[in-house]
Amino acid sequence: MKHTHKGFLLVNLFALLILVLFVLYYFTLKSEVERLYDQTEKQIEDLVEIKTKLFLENSLEADLTLATTENKILLDRFKSHTNFWDHFLNPLDNVYHTHTTQSASGVNAYLNRLLPNLKNRCITNGVRPIANNAAVFGDEATKNKDFGFGFSAYNGYWPSFDKSEASLIEIQAKIVNQIIDALASSTVDGQLLELEFIKREAVGVTDKKYIASDLVGNISNQLLLRSSPLFESYRFQLSFVGRTENARSFINQLRPPFSARKIEAIRTTNYNENTIDNFNSLSTADVGGSDILPIIRDIKTRFIIDLEYVYKILYQHSDFIKWGGFSSTNNNSLQEILDTFKIN
């Protein structure tokens, strides 16, 4: 009996030992599982972070490609704009850029040679300057003088100009010379143009004092290129009586930096006196017994044309960048863009 109880006790002890071992093994496995679970969670988080970084890197690469493409488009557009304005300013033929400054007395001598030359060129090419235009506008100072082409006050009189103001007058005189060239080339054989006036802007205090009726009138600022702060220009206005084809030919011959800003056309009717006298000498029988005499009219148009001569365009790289919406860019990036533009 004793042996039986002993065996039973040993069996129970062995079973209890096994149970303890299983419990210890369970807790050991549980701890390992928890460790592996935490490790897996950490690896999942690392994987998500890696994917996020890869996405950002891919996005940055795509943004860089897009930014490079847009920068090239912007650069090409800037080149196109620059080429356009360089062509418009035409610096090789622009009087302001090619002008060489001389003394005030030298400018006076230039005008004394130029004005008779302009008159002769007009007459030779069928353009008749109306010398008494000053009387029409009531300017006593220039009555009974030759047509002055915008410089009536200095035809035989030369005030005390400083060198810089005299130089600007010479520049305007050279521009007027180009205007007369275009007008003289717009005539047709057998037809005459009547040049009523050429007006210009005053270039300084002394010129403003003496310019008188040659001073160009006001015009809406919206019609002028220099309404933009990018442009600096001179205004001129001329009036002549002729036909539509004359005005069209004149405008077509003007090249940049000339720009026609306003054209006013007023239809006029000039009767041919010789023709009317001939018809008045006819008998009633010659006109078929009618008391109504035929009238032959020479229908022409008075053109008043406002011109703008651009002599400076303040077009800078930074202006284009600002207009392109890049003004909010940080200074380093903006300077990098500007450097790219300057290099190219």
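None of the figures in this text is laboratory data; all of them are computed from the coordinates on show. Computed from a predicted model, the values in this text were never measured in an experiment. When we count neighbours, we look across all protein chains shown, and the Cβ atoms used for this are built from the backbone with ideal geometry, even at glycine.
Summing +1 for each Lys or Arg and -1 for each Asp or Glu, what net charge is found among the other residues whose Cβ lies under 14 Å from the Cβ of Thr40?
With Lys, Arg at +1 and Asp, Glu at -1, the neighbours total -4.
Given the pairs Lys174/Lys262; Lys199/Lys262; Lys119/Lys262; Lys209/Lys312; Lys163/Lys208; Lys119/Lys174, which span a C-alpha to C-alpha distance of over 19 angstrom in this model?
Violating the 19 Å limit, Cα to Cα: Lys174/Lys262; Lys119/Lys262; Lys209/Lys312.
Over 23 Å, how big is the tail of the calculated P(r) for region 1-134, in percent of all Cα pairs?
78 percent
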